[in-house]
Amino acid sequence: MNLLEERIKRDGKVLSENVLKVDSFLNHQIDPVLMLEIGKEFAERFAKEGITKIVTIESSGIAPAVMAGYYLNVPVVFARKRKSLTLNEDLLTSSVHSFTKNETNEISISKKYITEMDRVVIIDDFLANGQAARGLVEIVQQTGAEIAGIGIVIEKSFQPGAEELKELGFRVESLARIASLKNGEVTFINEKVEELI
Ligand code: 5GP
């Protein structure tokens, strides 16, 4: 998705060879116009899948997931990282180690919002080692719902998450795929291919 790649080049900050900061448009301050375009792109990619629900994780997955839900006209459910006092229904849980915060959270979703009748797309902002996505997969699988695919805004393809999820048989749709963050620079997968041609 060119618009997103251009924005990452312009406003993304490479913090290390493994971490990209995009808090000026995606996960602190949010650009709603860009989120609409991201939502539209996810909706187009999963348009023929008969999606009934989108599942994401708080907090950075919520904005792109809501926009995708808007275009697909389906509800969006987000997993919570902390137990809410009002979230006292039967909970589905899974354990997720956070790549950026280096802490493990038990994430949870109320049973009543996903059923075996659902066909789900999982959406998140980043894919690194795949812990967050796999935690969401685990929760959705506990409900008996089908997983049509995983939609990722920014995939860091040099980390193992995407490959591992594909090996498990999941369709992974990433809107921007980063080949490297070396030398303080973002290089996308398609740029790398162009360089080789
Ligand atoms: P994973 O679970 O795939 O290892 O990491 C994905 C999660 O960690 C995402 O939910 C995202 O919030 C966070 N994350 C992973 N890598 C980055 C990164 O380079 N930058 C930011 N801002 N968040 C990241």
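I'm trying to understand the selection: among the residues of region 111-123, which are crowded, with 21+ Cβ neighbours inside 10 Å and under 25 Å from Met1 (Cβ atoms)?
From region 111-123, those crowded, with 21+ Cβ neighbours inside 10 Å are 114, 118, 120-123; that's our starting set.
Of everything in region 111-123, those that are crowded, with 21+ Cβ neighbours inside 10 Å and under 25 Å from Met1 (Cβ atoms) turn out to be Val120, Val121, Ile122, Ile123.
I'd like the full set of residues that are outside any strand (DSSP E or B) and either more than 9 Å from the ligand (Cβ to nearest atom) or basic (Lys, Arg) (or both), limited to region 124-154. Answer for region 124-154, where residues must be outside any strand (DSSP E or B) and either more than 9 Å from the ligand (Cβ to nearest atom) or basic (Lys, Arg) (or both): Arg134, Leu136, Val137, Glu138, Ile139, Val140, Gln141, Gln142, Thr143, Gly144, Ala145.
In this structure, is Ile152 surrounded by 19 or more Cβ atoms within 10 Å (Cβ to Cβ) and touching a Leu at 6+ places or on another chain (Cβ under 8 Å)?
Yes: the conditions hold for Ile152.
Out of Arg134, Arg171, which single residue is of a type outside the set (S, T, N, Q) and over 21 Å from Lys81 (Cβ atoms)? Talk me through it step by step, then tell me what you get.
Numbers: Arg134 fails: over 21 Å from Lys81 (Cβ atoms).
Just a single option satisfies the conditions, and that option is Arg171.
Can you confirm whether Glu106 is under 19 Å from Thr143 (Cβ atoms) and part of a loop (DSSP other than H, G, I, E, B)? Give the steps one after another, and end with the answer.
Values: under 19 Å from Thr143 (Cβ atoms): yes; part of a loop (DSSP other than H, G, I, E, B): no.
In short, no.
Against the condition free of Cβ contacts under 8 Å to residues at least 12 places away in the same chain and more than 21 Å from Gln159 (Cβ to Cβ), how does Asn73 come out, does it pass? Considered against the rule, which asks whether it is free of Cβ contacts under 8 Å to residues at least 12 places away in the same chain and more than 21 Å from Gln159 (Cβ to Cβ), Asn73 comes out as yes.
Given the condition in contact with a strand residue (DSSP E or B) (Cβ under 9 Å, 6 or more places away or on another chain) and modelled with pLDDT under 90, answer yes or no: does some residue in region 67-83 qualify? Yes, that holds for at least one residue. Within region 6-56, the set of residues being touching a strand residue (DSSP E or B) at 6+ places or on another chain (Cβ under 8 Å), in contact (Cβ under 8 Å) with a residue 12 or more places away in the chain, part of a loop (DSSP other than H, G, I, E, B) and of a type in the set (A, V, I, L, M, F, W, C) comprises Val22, Leu26, Phe46, Ile51. Exactly one residue out of Glu89, Glu116, Glu173 is of a type in the set (Asp, Glu), assigned to a loop (DSSP other than H, G, I, E, B), more than 10 Å from the ligand (Cβ to nearest atom) and modelled with pLDDT of 95 or more: that is Glu116.
Restricting region 27-57 to residues that are under 30 Å from Gln142 (Cα atoms) and within 14 Å of the ligand (Cβ to nearest atom), which is surrounded by the fewest Cβ atoms within 10 Å (Cβ to Cβ)? Please lay out each step first, then the result.
So in region 27-57, the residues under 30 Å from Gln142 (Cα atoms) come out as 27, 35, 38-57.
Within this subset, residues satisfying the condition of being within 14 Å of the ligand (Cβ to nearest atom) are 27, 55-57.
On the way: Asn27: 20, Val55: 28, Thr56: 26, Ile57: 26.
Here the answer is Asn27.
The values are calculated or read from the model by the stated rules, or taken from the named source; none is laboratory data. Predicted model only: the values in this text are computed from it and were never measured. Neighbour counts run over all protein chains shown; Cβ positions are idealised from the backbone, glycine included.
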